[in-house]
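The values are calculated or read from the model by the stated rules, or taken from the named source; none is laboratory data. Fair warning: this is a prediction, and the values are worked out from it, not measured in the lab. No Cβ is skipped: glycine too gets one built from the backbone with ideal geometry, and neighbour counts run over all protein chains shown. Heads up: the accessible areas ignore ligands, DNA and RNA and are worked out on the full protein's heavy atoms, side chains in. Shrake-Rupley method; radii C 1.70, N 1.55, O 1.52, S 1.80 Å.
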Amino acid sequence: MIDLNKLAENYANGSFEIEEVYRLVIQPKSTLRECKTEKYGFLFIIRGEARMRVNGTVYDLRPGSVFHAAPNMLMDAQVMSATEYEYFALFYKWDESVYEKSGRECDAHFKLEPAANPRLLSLLTMLLQNSHPRDWIGKLRVKELFFRILHQVLIGCSHRESDNSPSKRVIEEAVVYIHGHYMHPFTLDDLAEQYGMTTKRFSYFFHKYMGFRPIDYVIHYRMEKAQELLRTGNYPVSDVAVSVGYPNALYFSRVFKKKFGVAPSAYANQKEHS
C-alpha cells in the first residue's frame, strides 16, 4: 500500500513541472495495446470503467479512481464499460538534479481511491483551462491548482483509510483552523476543501460534533472576539470590524446587534461607563 505521508512529502519537497493536461474520452470496448510509459503521470477517472495492467499488476479503474505511473513501465488497457470512458490525464517531470531518488513513492505505479468529491472535477477543469501559461504567474497558478487537487485526493484517501466518516478529531482540527484564521475571509466551500469533503458532508459532520453549522460557528467566534476587543480596549468600531474579518463596518454592526441585542458602539459605551 502506498504511504500517503511519504507521497505528500515527495511533492512538497520536490521540484517538478506540469507538462501537459488532457481531458480524454475513449469509446466503449476500446483496447490500448501494450506500450511503455514515457513520463510521470496521473489519471483521474470521470466516467466509465477500464482495466489497466502495469508491469503485470492489474488495476480496475472506475469513476473516482486516481491512478499514477512512472516512466519506463509496460502498460496496456481495456475499456470494460458499455459507455464511454472519460478521464483527465496529467503529465509532469521532475528536476532530477535536485530530486533524490531514494525512497520515492512516486517512482511506483499505484491506485488511490479518495471519497467522491465533486470539487475535484471543478479543480481539474480549472487546471486544464490554465495548463498553457504564458508567464510565471500562470505557471504558479498551474502548480497551485495541482497542489489543491493532490491535497483533495490525499485527504480523501486518508479519511477512507481511517473511517468512512470523519472522526471528531478532524472537526476539531477544523475548529482550530477557524480560531487561527477567523480574521480572514473564507467560505463554507473553502473550509470543506481544506478537509477534502463536499460542503454538504462537511457541514453535516461539523454540526454533528459542534452543534453549529460551520459558518454560524465562524460568526459566533468572530462576535465573541469582537466583544473582547470592545470590552478591553478603546477601539473604533471600524477597526474592530476589520480585526474580526468584516471590512464592511455597517454589516459587522448588524451582525453584532443580532447576536448581542445592542450595536457595537452602544456596547462599547456601556462598558466605558461601567
| field | Gain on full stretching of the segment that runs from ASP189 to ARG51 - 0.36 nm per residue minus C-alpha separation | value | 46.3 nm
| said: Over all directions, the average projected area of the alpha-carbon convex hull for region 1-158 comes to how many nm²? | reply: 9.2
| message | Pairwise over distinct Cα atoms, reciprocal of the mean inverse distance: report the Kirkwood radius of region 141-253 in Å, one decimal place. | response | 15.5
| Relative contact order of the chain, defined on C-alpha pairs under 8 angstrom at six or more residues apart (%) | 15
| request: Specify the inter-centroid distance of region 114-163 and region 164-223, based on alpha-carbon positions, in whole Å. | output: 20
| aspartates and glutamates near LYS29 by alpha-carbon distance under 12 Å, same-chain residues fewer than 8 away left out - which ones? | GLU49, GLU84
| note | Rounded to one decimal in nm, the spacing of the 7 Å Cα→Cβ label points at LYS93 and LEU128 is 2.4
| query | Per residue, how much accessible area does the chain show when a 1.4 Å probe rolls over the protein heavy atoms, in square angstrom? | reply | 56
| query | What is the local net charge at LEU123, summed over the other residues whose Cβ is closer than 15 Å to its Cβ (Lys, Arg +1; Asp, Glu -1)? | reply | +1
| message | What FRET efficiency comes out for LEU74 versus LYS6 if R0 is 25 angstrom and r is the Cβ-Cβ distance? Round to the nearest 0.05. | response | 0.50
| Using a simple spin-label model with points 7 Å from Cα along the Cα→Cβ vector, what separation in nm is obtained for CYS35 and ALA263? | 7.0
| Length gain on complete extension for the stretch ASN13 to GLU173, per 0.36 nm per residue less the alpha carbon to alpha carbon distance? | 55.2 nm
| field | Rounded percent of accessible protein surface that carbon and sulfur make up, the chain, 1.4 Å probe | value | 51
| message | Give me the one-decimal nm value for the distance between modelled label points at ALA108 and ARG148, 7 Å along each residue's Cα-to-Cβ direction. | response | 3.0
| request: Consider all pairwise Cα distances in region 1-80 and report the whole-number % of them above 17 Å. | output: 53
| query | Which one, (1) 1.00; (2) 1.29; (3) 1.08, gives Cα Rg over 2.2 N^0.38 Å as derived from the coordinates shown? | reply | (2)
